[in-house]
1. In percent, what relative contact order does the stretch 2-221 have, based on Cα pairs under 8 Å that are 6 or more apart in sequence?
2. Output wanted: per-residue J couplings in Hz (rounded whole) for the stretch 224-232, from phi through Karplus 6.51 cos²θ - 1.76 cosθ + 1.60, θ = phi - 60°, x for Gly and Pro.
3. If the chain between residue 241 and residue 147 were fully stretched, how many nm would it gain, using 0.36 nm times the residue separation less the Cα-Cα distance?
4. Of 2, 297, 162, whose Cα points farthest to the positive end of the dipole of the chain (charges on the beta-carbon: +1 Lys, Arg; -1 Asp, Glu; origin at the Cα centre)?
5. Given +1 on the Cβ of Lys and Arg, -1 on the Cβ of Asp and Glu, and no further charges, what dipole in debye does the chain carry about its Cα centre, rounded to the nearest 20?
6. Using helices alone, what [θ] at 222 nm do you get for the chain, with -39,500 (n - 2.57) per DSSP H run of 4 or more residues, divided over all residues and rounded to the nearest 500?
7. Gain in length, residue 124 to residue 321, computed as 0.36 nm per residue apart minus the alpha-carbon separation, to one decimal in nm?
8. Which whole-number value in Å³ per residue fits the convex hull of the alpha carbons of the stretch 208-310?
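All of the numbers you see were taken from the coordinates with simple rules; none came from a lab. Small disclaimer: the values here were computed from a predicted structure and weren't measured. Counting neighbours? That spans all protein chains shown, and the Cβs are built from the backbone with ideal geometry, glycine included.
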Amino acid sequence: MQIKDYTLREGVGLTVLSADKFKSNLMIVELRCPLKKETATHNSLLTNVLSRCCRQYPTLRQFNVALEELYAADLDAYVSKIGEVQKICFKLSCIENRYTYDGADVLAGGMRLLGEMIFNPLLEDGVFPLNVVESEKKNLKEEIEAIKNDKSRYALNRCVKNMCGDEPYSVATAGDVEVLSAITPEELKQSYDVLIATPPVSIYFVGREEPDKVRDYCNKYLPFTARSGRLFNTEVRGAGTEVKHITESSDAVQSRLCMGFRTGRSIKDEDYSALLLACDVLGSPSGKLFVNVREKLGLCYYCHPLLDGVKGLLIVSAGIAAENRGKTEEAVLKQIDDLKQGNISESELKSAKAAALNAYREITDSPSAIIGWYSTRRGLGLDLTPDQMARIIEKTTAEDIARAARDIVPDTFYMLEGGGTQC
């Protein structure tokens, strides 16, 4: 895969990742903002409003017809969180021109619609239409509140909230219901003006179109003005002096336990591969948590680690019976202590490396995964390919893993206690 970078304007970059194994093109436009409670909800609502209609296509039906005429091209807008950065993303997916039967330039048409979505929103008296804003506020509220019905996800969010309460990382990606309720069309338009003009822009393209042609289309259809191109950092903290134990009630039968640890490491550290493999030794299908905590001791319905390599957090998530909380916490800590002591069998190391290497190989099989890889790392100032990371993984030893594991420190243990009748 060939990579070509362009600076379209100051603070506006394009990365073309040339790949000839796909039959479609994928472009993602990212605007990066510091994750803040004051702006997160506005940005999230904006993606809903902007993806619904635009000035040229003022109804959802008209917008969808325009996409259908481009061989069912797909346009979407959404927010995501990378560490303590909120990404406002606009995505275009369309068939390659060579597969059209009438010689249509689908990429040009798709990028024109993409530009319409971003730069020419539907306005009434200079602000977003009240009916559109209220409708999308309702949809976003339902999306935010739906998280409560996914008990495992809700427990994870509550663990992070308690663990990182005074850090930007605790801000919910989709936003806050209380903030949402107060947003007016006028206020949302002000947020839009700031969003379009201020944050750095990174555009990623995966496909086989000529890179210079993609650049020319970006200059034509995506007229972002110059702005600061600075990167936003994510603070990686150490654990507190005492472990916080928190319990909240749930109407579910099953309890969800989330054990939060600080690792003191992130993707930016040279020995991050060792921490990654430590997580895989714990969580692979033949890893310590599954074999010992779930199978041998029978303490949980599921038990797996979740690693945020940008923030440096490791959270072990488990579904348990409430009365098994103490035993489960003790058993999980025992497995992590085994890592710290270097008690890693050859089969555990081999299985962990196989899982990691397979994950890196699969990245190049998906356009979205390719963009996700380079977006995350370039947003941190890193220039590392999946192949390079795979070679680092292959050289990582059990001693390296044990050394990294010694910095895994307990911080917050949260349980969403069951006892009800819901699933």
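1. Rounded, it is 37 percent for the stretch 2-221.
2. 3J(HN,Hα) across the stretch 224-232, in whole Hz: 5, 7, 5, 7, 5, x, 5, 8, 9.
3. Separation in residues times 0.36 nm, less the Cα-Cα distance, equals 30.7 nm.
4. Going by the charge dipole, the pick is 297.
5. About 440 debye.
6. Values: 14 runs with 172 residues, N = 423.
For the chain, the value works out to -12500 deg cm²/dmol.
7. Going from the current span to full extension adds 65.5 nm.
8. In the stretch 208-310, the Cα hull volume divided by residue count equals 271 Å³.
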